[in-house]
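Note sheet for the following structure.
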Amino acid sequence: MTPVTIDRVERSFGRSFQSYASSASQQARIARHLARRLCDLGAPDHFHNTFEFGCGTGNLTRALQEHFTFGDRTLNDLTAEARETAKAFDASFLPGDVRDILWPRTPDLIASASTIQWLDNPEQIVLRAAQELAPGGWLAISSFGPQQYCELAELGSTAGAPGLRGAQDLTQSLANDPIISIHEYDEDYHQLWFDSPTDVLKHLRKTGVNAGAAQGWTRANLNQFYDQYLEKFGTAQGVPLTYHATWVIARKHG
């Protein structure tokens, strides 16, 4: 991710921070699923030292708390507004780009939901997270795959994140590491339905995920987008927007 893109992502999610919690239903669903799968796959009831990056409004933070108890808890996000999330969960807050900050030492859980797709090389952050774990520690990360917002991509939109990867691609950096066991990697697809293409754009703005768009809207290209989206994807049910969720859960030997 270039500095310009980092700045754009920070601004976009900062602007949408207040509307994100009520609008990002799919991100919340994915966070709940990730926490539930971590529990189902045998993670302990209590973690002593947890690091969650890209915490945002706390979708994953909240979901994890439904299944586990915690000792030290450190949350990170690019946006300063997320400090309130850390405060609400009695956690320490580390602001900034997760690639540049100093991580907590040897966490026994590193988790993240709907964040690493904004990185140019998300595989690197997955590998780093696995390596930073304490012996016996757990890794739980979700992202989005190449079919995320496929309707927008088909119309030539640049709003997509730069690091969309399939679930298997996310695990490639871990596959040859002898001290990491991959417990699960998987993906799913879900469509949201909207009354009109205008409502699709409102949804994207409220969830901050149009941060990858390189240009603003004019009346002419907005009308063109509306007509093309409706012509290509319109049904009696409305117009769809596809979410392609991916995730990996792994554990470090020890």
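The values are calculated or read from the model by the stated rules, or taken from the named source; none is laboratory data. Bear in mind that the values here come from a model prediction, so they are computed numbers and not experimental data. As a convention, Cβ positions derive from the backbone with ideal geometry for all residues, glycine included, and neighbour counts pool all protein chains shown.
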Please enumerate the residues belonging to the stretch 158-197 that are β-branched (V, I, T), touching a residue at least 60 places away in the same chain (Cβ under 8 Å) and surrounded by fewer than 16 Cβ atoms within 10 Å (Cβ to Cβ). I179
Which one of these is crowded, with 22+ Cβ neighbours inside 10 Å, touching a strand residue (DSSP E or B) at 6+ places or on another chain (Cβ under 9 Å), among the small types (G, A, S) and more than 20 Å from A134 (Cα to Cα): A80, A113? A113
Condition first: within 19 Å of the chain's Cα centre (by Cα) and basic (K, R). Now tell me which residues in the stretch 74-123 satisfy that. R83, R99
Selection within the stretch 1-38 - surrounded by fewer than 16 Cβ atoms within 10 Å (Cβ to Cβ) and modelled with pLDDT of 65 or more: D7, S25, R36
So which residues in the stretch 230-242 are under 20 Å from the mean Cα position of the chain (by Cα) and surrounded by fewer than 22 Cβ atoms within 10 Å (Cβ to Cβ)? T242
A213 vs (1) touching a Pro at 6+ places or on another chain (Cβ under 9 Å); (2) at pLDDT below 90; (3) of a type in the set (G, A, S): all pass except (1)
Restricting attention to the stretch 149-168, which residues are assigned to a helix (DSSP H, G or I) and among the hydrophobic types (A, V, I, L, M, F, W, C)? C150, L152, A153, A167
Please work out if D227 is of a type in the set (D, E) and more than 26 Å from R36 (Cβ to Cβ). yes
